[in-house]
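Chemist: Sharing a structure, written as structure tokens. Questions coming.
Just so it is clear, none of the values below were taken in a lab; they were calculated from the coordinates. A quick note: this is a predicted structure, and the numbers were derived from the prediction, not measured. Note that each Cβ is placed from the backbone with ideal geometry, even for glycine, and that neighbours are counted across all protein chains shown.
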Amino acid sequence: MLSVFLSLSRETVFTIGQVTVEEDVARASFCCDTTRCLGVCCTLEGARGAPLRDDELQELIAAFPAAKSYLSPRTLATFEKEGLFEGLAGDYASRCVDGRECVFAYFEHTMARCSFERAFNEGKTSWRKPISCHLFPIRVSKNGRDLLRYLQIPECQAGREQGRHEEMPLREFLRDPLVRVYGEVWYQKFTEVCASSRQ
């Protein structure tokens, strides 16, 4: 049975089982509008790409042959020179091309898309994409337990506007990745806590 704790201090925090959730995750509206953002989450400027969990590395390696056919020669040259990912145990990440797009991104005209997700949607692999990408704009911090934070960046303004327009809660938009990581029982308990906190 999952334990539930609700703190009503300076910031409302839900603790369900071994997962703590900040208030914004429960209350925000969000729905990606890639026609406006053009997949910007795959091309954010920075020194590192998507965070990778240690237990994802073998899945990523196994799925890569199915995804690589969508990638450009420039990107494939990056893999040959630097490898599929970087970091050490507990702190792995995908690489970036020239400090910008994720090495696993490809482009349809000006829109960035994930090569792993395309391979998954076409039935070529059973692994969809890194969990950190699937959960975005939620980020997971670890300090003895998972802490779910809603990352509100300017580049995702279109998603916030679309979420409000469609009245789509962030937690519902991200139902699939949340169930993927924490399970159906956890997700149902989380939605119950969110509903009861509004009463």
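Chemist: Within the range 102-133, which GluC sites (Glu not before Pro) sit in a loop by DSSP and count at most 12 neighbouring Cβ atoms inside 10 Å?
Modeler: 122
Chemist: Could you list which residues have their amide H under 5 Å from that of residue 50, counting only those 5 or more apart in sequence or on another chain, with H placed in the peptide plane?
Modeler: So residue 50 has HN proximity to 94.
Chemist: Something else now. What are the residues whose amide H is under 5 Å from the amide H of residue 19, where those residues sit 5 or more places off or on another chain and H is modelled from the backbone?
Modeler: Hits under the 5 Å cutoff: none.
Chemist: So if I take the centroid of the Cα atoms in the range 146-179 and the same for the range 80-135, what is the distance between those two points in Å?
Modeler: If we compute the Cα centre of each part, the gap is 20 Å.
Chemist: Among the chymotrypsin sites (Phe, Trp or Tyr not before Pro) in the range 104-199, which ones are in a DSSP loop with at most 13 other Cβ atoms within 10 Å of the Cβ? Mind listing them? Present the calculation step by step, with values, prior to reporting the outcome.
Modeler: Details: sites: 104, 106, 107, 116, 120, 127, 150, 173, 182, 186, 187, 190; in loops: 104, 127.
Loop-located and lightly packed - none at all.
Chemist: So which DSSP H runs in the chain come out at 24 Å plus along the axis (Cα) with average Kyte-Doolittle of at least 1.0?
Modeler: Once both thresholds are applied, nothing remains.
Chemist: So, R0 is 30 Å and r is the distance between the beta-carbons of residue 111 and residue 188; what FRET efficiency does that work out to, to 0.05?
Modeler: Between residue 111 and residue 188 the formula returns 0.30.
Chemist: With just the Cα atoms of the range 56-191, tell me how far they stretch along each of the three principal axes, in Å, largest first.
Modeler: The principal-axis extents, from largest down, are 44, 36, 30 Å.
Chemist: Summing -39500 (n - 2.57) over the DSSP H runs of n ≥ 4 in the chain and dividing by its residue number, what mean residue ellipticity at 222 nm do you reach, to the nearest 500 deg cm²/dmol?
Modeler: -10500 deg cm²/dmol, from helical runs alone.
Chemist: For residue 155 and residue 62, what does the FRET efficiency come to when R0 = 35 Å and r is the distance between their Cβ atoms, rounded to the nearest 0.05? Don't skip to the answer; put the middle values down first.
Modeler: Numbers: r = 31 Å, r/R0 = 0.89.
Step by step, r from the Cβ atoms, then E = 0.70.
Chemist: List the lysines whose Cα sits under 21 Å from the Cα of residue 124, skipping any in the same chain fewer than 8 residues away.
Modeler: Residue 124 reaches 68.
Chemist: Still on this model: Quick check of the Kirkwood formula: for the range 38-128, what is the inverse mean of 1/r over all pairs of different Cα atoms, in Å?
Modeler: Numbers: mean 1/r = 0.0757 Å⁻¹.
Kirkwood hydrodynamic radius for the range 38-128: 13.2 Å.
Chemist: What percent do you get for the relative contact order of the range 38-128 when only Cα pairs under 8 Å and 6+ apart count?
Modeler: RCO, the range 38-128: 40 percent.
Chemist: GluC sites (Glu not before Pro) within the range 18-93: which are DSSP loop residues with at most 16 other Cβ atoms inside 10 Å?
Modeler: Counting only loop positions with at most 16 other Cβ atoms within 10 Å, the GluC sites (Glu not before Pro) in the range 18-93 are 45.
Chemist: What is the chain's relative contact order, in percent, from Cα pairs under 8 angstrom and six or more apart in sequence?
Modeler: 30
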